[in-house]
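The values are calculated or read from the model by the stated rules, or taken from the named source; none is laboratory data. Values in this document were obtained by computation on a predicted structure and should not be read as measured data. Don't worry about glycine lacking a Cβ; one is built from the backbone with ideal geometry, like all the others, and counts go over all protein chains shown. For the accessible areas, the whole protein counts, side chains as well, though only heavy atoms, and no ligand, DNA or RNA atoms are used. Shrake-Rupley method; radii C 1.70, N 1.55, O 1.52, S 1.80 Å.
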Amino acid sequence: MGDITQSVDVAVDVSTAYNQWTQFEEFPRFMEGVESVEQIDDRRLRWKVDIAGVHREFEAEITEQTPDQRIAWRSRTGLDQGGVVTFHPLDDDHTRVTLQMELEPEGVAEQVGDKMGVVSARTKGDLNRFKEFVEERGAETGAWRGEIDREK
């Protein structure tokens with residue numbers, strides 16, 4: 001299983017960074033290989049992705065969500081992956097966004113790509129594009145401020 005941790009500092013306050021991240025259907029605008037994300041309800045998301053030329057669909061469940069702090073998820077169908085994104089205020093106008101993921105590459109191309117650091121590099125690129133996206137706008141495209149308690 002591949003473990004990835006990447007961070008980026010964005011020049012927006014923590015609420016703006018967090019609010020934008022909750023707009024999952026916007027992910028294709030800054031995440032490479034993400035074709036679409038459909039929010040089914042407060043907890044469930046349906047993803048369509050292209051990984052190394054292989055089309056995949058899966059459903060993920062948000063397992064924990066605390067405004068301005070963290071969002072954790074786990075896949076429920078398809079790809080075996082999960083993770084957490086955390087938001088750390090650096091000052092009133094800057095936030096560190098840290099993304100930690102675990103994933104089980106499927107197929108030879110994905111396994112080779114994981115070993116060569118392709119997934120880690122893609123994740124770093126996604127975070128940099130998120131930074132550009134939210135900083136250029138200066139404001140979020142929407143927000144969901146609800147909480148989802150971690151399952152015990």
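In table form, for the structure just shown:
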item: Cα pair distances exceeding 20 angstrom across the chain, given as percent; result: 46 percent
item: Axial C-alpha extent at least 20 Å, average Kyte-Doolittle at least -1.0 - helices from the chain (DSSP); result: 118-137
item: Extension reserve of the D68-D9 stretch, reckoned as 0.36 nm per residue once the Cα distance is removed; result: 19.8 nm
item: 1.4 Å probe accessible area per residue over the chain, in Å²; result: 52 Å²
item: Ranked packing of 89-96, 72-79, 9-16, most packed first, by mean Cβ within 10 Å; result: 9-16, 72-79, 89-96
item: The chain, relative contact order [Cα under 8 Å, separation at least 6], %; result: 34 percent
